[in-house]
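Enquirer: Sharing a structure below in structure tokens format, with a few things to ask.
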2 protein chains.
Amino acid sequence: MRYSPEHKSTKRKHLLAVAGAESKKKGFAAVGVDGLMQAAGVTSGAFYSHFSSKNELFKALIEMELQDSMQMLVGNPHQDLAAWLDHESDRYLTMSHVRHPEAGCALPALGAEIARADDSVKQIYQQQMLEARDMLASRLGDNTAAWGFMAQCVGALLLARAMPDEDMQQEIIQAGRQFLQRAITETDGDSAEAATGPQ
Amino acid sequence: MRYSPEHKSTKRKHLLAVAGAESKKKGFAAVGVDGLMQAAGVTSGAFYSHFSSKNELFKALIEMELQDSMQMLVGNPHQDLAAWLDHESDRYLTMSHVRHPEAGCALPALGAEIARADDSVKQIYQQQMLEARDMLASRLGDNTAAWGFMAQCVGALLLARAMPDEDMQQEIIQAGRQFLQRAITETDGDSAEAATGPQ
DNA sequence: GTCTATACGCGGATAGAC
DNA sequence: GTCTATCCGCGTATAGAC
């Protein structure tokens with residue numbers, strides 16, 4: 001046979017990787033099937049032997065991207081809360097992440113497009129986000145801190161990327177770090193008590 | 001004369017309002033000049049008597065939207081910090097705002113598109129955001145709190161809107177409120193001292 | 001599984017009549 | 001200022017040969 005048994009699944013992974021980078025850079029809607037397949041080294045007709053539609057690609061893409069993000073969170077080795085937070089800030093709230101959306105988190109780049117997508121995409125998003133929430137809540141004390149942490153990270157990156165000047169990007173990123181420190185390491189004891197107390 | 005002297009500027013404002021709502025709902029890139037002018041009750045050829053290109057429309061749109069948002073911030077009458085924060089949460093971190101992007105803040109809906117736009121758009125964004133930062137810093141103590149507040153609001157709305165289930169949207173919005181309370185009202189004294197102290 | 005060719009619609013933008 | 005008509009390119013998707 002001309003194509004190995006694993007060729008299709010290998011090619012699919014490659015397509016997802018290319019589509020992820022292109023989408024985060026230009027927006028999913030702006031990425032054409034034609035340009036995508038050209039970047040992958042094949043012609044556009046071949047696309048539909050891997051995905052039945054562009055929406056199916058989006059579903060697979062969001063799932064893969066958020067699974068990758070989850071792996072990053074799981075990979076944080078620190079037990080101490082302050083050290084854990086520093087580790088996350090050092091990988092997420094950085095100028096490199098601001099400058100290179102194609103290699104970064106899908107949420108600041110594609111969040112608004114997920115919000116406009118159909119329910120099948122949103123269901124995949126929700127499932128992945130709940131995993132992340134639970135993982136973060138076990139570290140940070142409660143769901144409030146988990147969602148607050150994620151919203152701060154995503155929001156800061158979004159606001160920073162739209163800035164034309166580097167020093168303003170830097171200011172926002174730095175503010176995100178400090179704000180999280182204030183919110184998480186300085187109020188942790190209180191909030192943990194409040195979470196287990198009566199309500 | 002068939003058209004009053006103010007007709008053009010009136011029509012321009014109307015076009016911006018329609019374009020703003022449509023863009024926040026579907027994404028700016030997805031809004032066609034044709035559909036836009038149809039929604040405004042005229043034909044597509046008339047568009048270019050108001051804007052020289054679609055990019056010029058985007059610039060005018062972002063400026064108008066962020067000026068509107070600034071007016072909302074200025075309109076908060078409360079002196080007490082906790083009351084001020086409640087007022088902001090009650091108008092921004094709500095289910096109504098999650099459900100109706102077309103009537104809400106431009107940043108969660110269009111932030112990623114601003115980040116991909118050319119520098120002329122980003123400059124307008126930066127100018128407006130610096131005004132908002134300064135206004136917020138005077139209320140919240142320092143730039144860190146100002147950016148942190150904005151990032152939390154924008155990020156929470158973005159994450160919530162992509163959720164398919166209402167109760168999850170509600171959970172994220174509610175977490176945003178509580179997180180801001182913890183971060184701003186509970187650490188305000190410390191951070192204000194830190195901001196004026198040596199460093 | 002991948003190729004070429006193609007159908008069909010919508011995107012932004014322009015020309016010239018009224 | 002607005003209209004109609006039109007140019008041209010790119011979008012998704014499909015059919016059929018190899």
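The values are calculated or read from the model by the stated rules, or taken from the named source; none is laboratory data. Nothing here was measured: the structure is a model prediction, and the numbers come from that model. Quick reminder, even Gly has a Cβ in these numbers, built from the backbone with ideal geometry, and neighbours come from all protein chains shown. For accessibility, only protein heavy atoms count, side chains too; no ligands or nucleic acids. Shrake-Rupley method; radii C 1.70, N 1.55, O 1.52, S 1.80 Å.
Enquirer: Can you pull the Kirkwood radius for the protein assembly as shown, inverse mean 1/r over Cα pairs, to one decimal in Å?
Expert: 22.3 Å
Enquirer: Let me ask something else about it. Once you place label points 7 Å from the Cα toward the Cβ at A:TYR48 and A:ARG91, how far apart are they in nm?
Expert: Computed distance between label sites A:TYR48 and A:ARG91 equals 4.0 nm.
Enquirer: How many nanometers, to one decimal and shortest first, lie between the label point of B:VAL42 and those of its other copies, if labels sit 7 Å from Cα toward Cβ?
Expert: Counterpart label points of B:VAL42 in the remaining copies fall at 4.8 nm.
Enquirer: Enter the mean number of other protein chain beta carbons within 10 Å of the beta carbon of each residue in A:166-178, as an integer.
Expert: Taking the mean over all residues of the peptide, I get 4.
Enquirer: What dipole magnitude, in Debye to the nearest 20, does chain B give about its Cα centre under +1 on Lys/Arg Cβ and -1 on Asp/Glu Cβ?
Expert: That gives chain B a dipole magnitude of about 1060 debye.
Enquirer: Can you send over the solvent-accessible area of A:VAL74, 1.4 Å probe, protein chains only, in Å² to the nearest 10?
Expert: 80 Å²
Enquirer: Moving to a separate point now. Which listed residue (B:PHE47, B:CYS153, B:GLY111) has the Cα farthest towards the positive end of the charge dipole for chain B, taking +1 on Lys and Arg C-beta and -1 on Asp and Glu C-beta about the Cα centre?
Expert: B:PHE47
Enquirer: Take the Cα atoms of region B:9-58, build their convex hull, and give its volume per residue in Å³.
Expert: Measuring per residue, one finds 64 Å³ for the Cα hull of region B:9-58.
Enquirer: Let me ask something else. Straight-line reach from A:LYS25: which lysines have a Cα under 24 Å away, not including same-chain ones fewer than 8 places off?
Expert: Here the lysines satisfying the reach criterion relative to A:LYS25 are A:LYS11, A:LYS13, A:LYS54, A:LYS59, A:LYS122, B:LYS24, B:LYS25, B:LYS26, B:LYS54, B:LYS59, B:LYS122.
Enquirer: I've got another one for you. Can you give the angle from 0 to 90° between the axis of helix B:106-116 and the longest principal axis of chain B, with both taken from C-alpha atoms, to the nearest 10?
Expert: It works out to around 70 degrees.
Enquirer: State log₁₀ I(q)/I(0) for region B:58-196 at q = 0.11, 0.13, 0.15 Å⁻¹ as given by the Debye formula over alpha-carbon point scatterers of equal weight, solvent excluded.
Expert: Here log10 of I(q) over I(0) equals -0.41, -0.58, -0.77.
Enquirer: If you line up the long axis of helix B:143-161 against the longest principal axis of chain B, both from Cα atoms, how many degrees apart are they, to the nearest 10?
Expert: Approximately 60 degrees, to the nearest 10.
Enquirer: Before rounding to the nearest 500, sum -39500 (n - 2.57) across all DSSP H runs of length at least 4 in chain A and divide by the residue total; then give [θ] at 222 nm in deg cm²/dmol.
Expert: That calculation yields -23000 deg cm²/dmol at 222 nm.
Enquirer: Given a Förster radius of 35 Å and the C-beta distance between A:GLU166 and A:GLN79 as r, what FRET efficiency does 1/(1 + (r/R0)^6) yield to the nearest 0.05?
Expert: With a Förster radius of 35 Å, E is 0.50.
Enquirer: Over all residues in B:104-115, what is the mean tally of Cβ atoms on other chains that come within 10 Å of each residue's Cβ? Don't skip to the end; give the middle numbers.
Expert: Numbers: counts 0, 0, 0, 5, 6, 4, 2, 10, 13, 6, 6, 12.
Mean partner shielding for this stretch: 5.
Enquirer: While we're here: Angle, helix B:54-74 long axis vs. longest principal axis of chain B, Cα atoms, 0 to 90°, nearest 10?
Expert: On a 0 to 90 degree scale, this one is about 40.
Enquirer: Turning to a different aspect of this structure: Roll a 1.4 angstrom probe over the protein heavy atoms and tell me the percent of accessible area of the protein assembly as shown that is carbon or sulfur. Walk me through the numbers before you get to the answer.
Expert: On the way: 9070 of 18010 Å².
For the protein assembly as shown, the apolar C and S fraction of the accessible surface comes to 50 percent.
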